[in-house]
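Below: one structure, written as structure tokens.
The values are calculated or read from the model by the stated rules, or taken from the named source; none is laboratory data. Remember, predicted model here, so these are calculated numbers, not experimental data. Please note: Cβ atoms are built from the backbone with ideal geometry, for glycine as well, and neighbour counts cover all protein chains shown.
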């Protein structure tokens, strides 16, 4: 049997950010995408599913996506993979973000590995492609599993909406270009897991999303 990527989405923090556990069904090796907080909830799921958590993957460095990263990395000795170097200034400002939004004791971290467009990440026998999709933040990346027909898109695209671009170094035109040039070619049938809210497909958004419909 071919290895298959599985995932579980766990909403965390008061922002209800979609943290995702992803794992290879053959090895049960797992990565966590965007551990923004509520680490006990994430680790309970890891234990319940009998997974071996081995990596942290980040789409971008806003507090609700990256707030628990340093603590989790230190506690379990996990490498931090991503985002793109364009988000360095967001990482540098994590403690300030934490104070502003009421997140306790948020620590700054240094990624073990920065990502760029065209990179790949691997967990167990499953490999995902990395696309750099700036606009919401300059260093935002997306993880695409062709085998599972899934894309973990952070705050680039939502069901019926798109990411905000009114934060520092956000840019609306850049975000629209990222969606149309980087996400749409993954195929209309691709299911995407956004940073907040329900899943959708790229095809559905191309038909009905008021911001990016064809």
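Name the single residue that is farthest from residue 14 (Cα to Cα) among those in the range 158-177 being in a helix (DSSP H, G or I) and touching a strand residue (DSSP E or B) at 6+ places or on another chain (Cβ under 8 Å).
Step by step, filter the range 158-177, then rank; the result is 176.
Does the range 173-190 contain any residue that is closer than 25 Å to residue 111 by Cβ, under 13 Å from the mean Cα position of the chain (by Cα) and surrounded by 14 or more Cβ atoms within 10 Å (Cβ to Cβ)?
There is no residue in the range 173-190 that is closer than 25 Å to residue 111 by Cβ, under 13 Å from the mean Cα position of the chain (by Cα) and surrounded by 14 or more Cβ atoms within 10 Å (Cβ to Cβ).
Could you say whether any residue in the range 153-169 is buried (at least 16 other Cβ atoms within 10 Å of the Cβ) and within 23 Å of residue 4 (Cβ to Cβ)?
There is at least one residue in the range 153-169 that is buried (at least 16 other Cβ atoms within 10 Å of the Cβ) and within 23 Å of residue 4 (Cβ to Cβ).
Going through the range 53-75 one residue at a time, which ones are over 17 Å from residue 11 (Cα atoms), surrounded by 14 or more Cβ atoms within 10 Å (Cβ to Cβ) and free of Cβ contacts under 8 Å to residues at least 40 places away in the same chain?
Residues satisfying the conditions are 53, 70, 71, 73.
Would the range 101-112 turn up any residue that is surrounded by 21 or more Cβ atoms within 10 Å (Cβ to Cβ), touching a strand residue (DSSP E or B) at 6+ places or on another chain (Cβ under 7 Å), closer than 17 Å to residue 33 by Cα and in contact (Cβ under 8 Å) with a residue 12 or more places away in the chain? Don't jump to the end; show me each part of the working.
Taking the range 101-112 first, the residues surrounded by 21 or more Cβ atoms within 10 Å (Cβ to Cβ) are 106, 111.
Checking the rest, the ones that are also touching a strand residue (DSSP E or B) at 6+ places or on another chain (Cβ under 7 Å) come to 111.
From what is left, the residues that are closer than 17 Å to residue 33 by Cα are 111.
When the remaining residues are screened for being in contact (Cβ under 8 Å) with a residue 12 or more places away in the chain, the result is 111.
Yes.
Given the conditions (1) in contact (Cβ under 8 Å) with a residue 12 or more places away in the chain; (2) under 19 Å from residue 152 (Cα atoms); (3) within 17 Å of the chain's Cα centre (by Cα), report the number of the one that residue 45 does not fulfil.
Of (1) in contact (Cβ under 8 Å) with a residue 12 or more places away in the chain; (2) under 19 Å from residue 152 (Cα atoms); (3) within 17 Å of the chain's Cα centre (by Cα), only one is false for residue 45: (3).
In the range 117-171, which residue that is on the phi > 0 side of the Ramachandran plot and without any contact (Cβ under 8 Å) to a residue 60 or more places away in the chain is farthest from the chain's Cα centre (by Cα)?
Across the range 117-171, the extreme among qualifying residues is 160.
Listed residues 3, 11; which is at pLDDT below 95 and in contact with a strand residue (DSSP E or B) (Cβ under 8 Å, 6 or more places away or on another chain)?
Of the residues listed, the single one that is at pLDDT below 95 and in contact with a strand residue (DSSP E or B) (Cβ under 8 Å, 6 or more places away or on another chain) is 3.
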